[in-house]
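Notes for the one structure printed next.
The values are calculated or read from the model by the stated rules, or taken from the named source; none is laboratory data. Source: prediction; values computed, not measured. FYI the Cβ positions are ideal-geometry reconstructions off the backbone, even for glycines, and counts take in every protein chain you see.
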Amino acid sequence: MDRTHSRTMPTREQLRIWRDHIETTEALRARLAGRLSSESTLSSGDYQVLLALTEAPRHSMRSSELAALIGWERSRLSHHLGRMQKRGLIRRQPCADGAHGVDVIATEEGREEFRAGSVPHLRAVRELFLDALTPEQLAQVEAISAAVRRHLGLDEDAVGR
């Protein structure tokens, strides 16, 4: 494959590969989201938020940091957090350090729902993604993802974690 960075339009073959990748990724996301919502009380958005919060110190994070970490617009996150708060999964309070902003905290109920949802979700990740690949192919996916993250200037520690 030609690795030069020319300014020409992508070839038909390159566009086919691109479309296959995007369509497969979207189908995988949709199937994982469907499985999560059918096998737990959580949506994929709930899961993303609770994953970030359960990994954070004291299960708490500033809403602006949370939005950046999961790659959501702040207004989208605010609306979603409102729905999660009504369900008792999170609570919001003014920032403890007195600065403008809001701290988002995973409640005990939210952490329990996250733990309960993680079992079927991780099983679905295995069945729908990991089981389709050999160890060598999985290593290739990792290398390709790392190359694209580097090319985009993304911080590897913050992407998808």
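Worth pointing out:
- In segment 73-89, residue farthest from LEU53 (Cα to Cα) [restricted to those that are aliphatic (A, V, I, L, M) and touching an Asp or Glu at 6+ places or on another chain (Cβ under 9 Å)]: MET84
- Of the strands (runs of 3 or more DSSP E) contained entirely in segment 40-148, those carrying at least 1 residues that are among the β-branched types (Val, Ile, Thr) fall at 90-94, 102-106.
- Segment 1-60: number of residues that are of a type in the set (Lys, Arg), surrounded by fewer than 16 Cβ atoms within 10 Å (Cβ to Cβ) and closer than 22 Å to ARG123 by Cβ: 2
- Filtered residues of segment 111-123 (kept if among the hydrophobic types (A, V, I, L, M, F, W, C), within 15 Å of the chain's Cα centre (by Cα) and surrounded by 14 or more Cβ atoms within 10 Å (Cβ to Cβ)): PHE114
- Sole residue being over 23 Å from THR41 (Cα atoms) and of a type in the set (Lys, Arg), chosen from ARG111, ARG149, ARG126: ARG149
- Verdict on ARG91 being within 16 Å of SER40 (Cβ to Cβ), of a type in the set (D, E, K, R) and either modelled with pLDDT of 95 or more or over 18 Å from the mean Cα position of the chain (by Cα) (or both): no
- Within segment 61-88, being crowded, with 17+ Cβ neighbours inside 10 Å and over 15 Å from the mean Cα position of the chain (by Cα) holds for MET61, ARG62, SER63, LEU81, MET84.
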